[in-house]
Amino acid sequence: MPKQVEIEIFQIAKTKVNNEEVIRWLRHLEVESFRFPSMNECTDAAFLVALAAKRCYKSFEVGLNPNITKVREDLTEYLDNVLKQRHGSVFEHSVFSFAIEGVSRVFTAEMNRHRAGWAISEGSLRFIRFNEIPY
């Protein structure tokens, strides 16, 4: 009789903002008055997404891009608007790595099929004996 395996998920990595490099980059872009969010205001992941989106439109501050007349100060409101505009590629800058164990090959096939913005590595059926893979 097959052994029932519990699914386990491990967050093994996450992206961390390098504030010194962000400052250096913003100076390069001639951004003068961008306000960094406080640590309890947002996660590094949300901040990275916001930085990527703001770079696309040079919308760090009014005056940097002549087409920008208003800059949203509230990061949640800003990110909600990015989602509303369907600018999904900037969300790929928010990087987390998870190890997911005890799932079926059907589950991993679906993850691979819907993988936009995901990098997937999984146990190889060519190199791992089937009887060694829990299911």
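The values are calculated or read from the model by the stated rules, or taken from the named source; none is laboratory data. Given the structure is predicted, the values throughout are model-derived calculations rather than measurements. For neighbour counting, all protein chains shown are included, and Cβ atoms are generated from backbone atoms with ideal geometry for every residue, glycine included. Ligands, DNA and RNA are stripped out before the accessible areas are found, and what is left, the full protein with its side chains, is counted by its heavy atoms. Shrake-Rupley method; radii C 1.70, N 1.55, O 1.52, S 1.80 Å.
Taking region 54-80 as the search range and keeping residues that are assigned to a loop (DSSP other than H, G, I, E, B) and in contact with a helix residue (DSSP H, G or I) (Cβ under 7 Å, 6 or more places away or on another chain), which one is surrounded by the most Cβ atoms within 10 Å (Cβ to Cβ)? The selected residue is PHE60.
Considering only residues that are under 30 Å from VAL103 (Cα atoms), within 17 Å of the chain's Cα centre (by Cα) and either outside any strand (DSSP E or B) or of a type in the set (Ser, Thr, Tyr) (or both), which ones fall in region 1-53? Selection gives THR15, LYS16, THR43, ASP44, ALA45, ALA46, VAL49.
Under the condition of being farther than 18 Å from HIS93 by Cβ and modelled with pLDDT of 90 or more, the residues counted in region 33-61 number 1.
Within region 81-98, how many residues are in contact (Cβ under 8 Å) with a residue 60 or more places away in the chain and either under 11 Å from the mean Cα position of the chain (by Cα) or open to solvent by less than 90 Å² (accessible area, probe 1.4 Å) (or both)? Step through it out loud before you land on a result.
Residues of region 81-98 that are in contact (Cβ under 8 Å) with a residue 60 or more places away in the chain, as a first pass: 93-98.
Add one more test, that the residue is either under 11 Å from the mean Cα position of the chain (by Cα) or open to solvent by less than 90 Å² (accessible area, probe 1.4 Å) (or both), and what stays is 93-97.
Matching residues across region 81-98 total 5.
A residue that is open to solvent by 90 Å² or more (accessible area, probe 1.4 Å), at pLDDT 90 or above and not in a loop (DSSP other than H, G, I, E, B) cannot be found anywhere in region 100-108.
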